[in-house]
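Everything below concerns the one structure shown next.
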């Protein structure tokens, strides 16, 4: 009986797989074909802050988001095209960006960003009076090596506020529209929060 059992165990099945090795093959596959773990990022994975006291020595960072239901970064990539005489197809390069963001915001009195923009529009400011800074924090790109003090990747921009419209509509809230236009090159670094207030530290090469 023992000899017969051994013979069956070593006989290939219909698919040509040795029954004796089937369990070990399954274990090997489960070890090598692991399913990647994905994290679906929420709309709060990035945060933007506007300096609403640009003339002051210390920035006052108010979060951009109250009354705003959608916000896009438009990178406005500037490209150059070349068609070499030795090739049939064209070549392209990205030379820079015209980064900006069109904002539509429902007015909320008491919100620092709204009140700052509203004052610019009310006074019909021009030129450098419309310049301030914007801080963009990538909350999903985080360094947690320092205990109780996570640091997030961040970009600091000089920006120009370009007023567009304020809109009154029957039965609806007051809305304002404006553009946040990046001026020149950003600074890259880290942001740490203390009592909800961000502090930016520029990275060193």
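The values are calculated or read from the model by the stated rules, or taken from the named source; none is laboratory data. Given the structure is predicted, the values throughout are model-derived calculations rather than measurements. No Cβ is skipped: glycine too gets one built from the backbone with ideal geometry, and neighbour counts run over all protein chains shown.
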Quiz item: Taking region 78-108 on its own, how many of its residues are touching a strand residue (DSSP E or B) at 6+ places or on another chain (Cβ under 6 Å) and exposed (fewer than 15 other Cβ atoms within 10 Å of the Cβ)?
Solution: 12
Quiz item: Based on what the data block shows, is residue 110 modelled with pLDDT of 95 or more, out of contact with any helix residue (DSSP H, G or I) (no Cβ under 7 Å at 6 or more places or on another chain) and part of a loop (DSSP other than H, G, I, E, B)?
Solution: yes
Quiz item: Across region 163-192, what is the number of residues that are surrounded by 15 or more Cβ atoms within 10 Å (Cβ to Cβ) and part of a strand (DSSP E or B)?
Solution: 16
Quiz item: Can you spot a residue in region 121-130 that is at positive phi and not in a loop (DSSP other than H, G, I, E, B)?
Solution: yes
Practice problem: Answer yes if at least one residue in region 134-149 is without any contact (Cβ under 8 Å) to a residue 40 or more places away in the chain, in the same structural domain as residue 74 (by TED's automatic domain parsing) and under 26 Å from residue 109 (Cα atoms), and no otherwise. | Solution: no
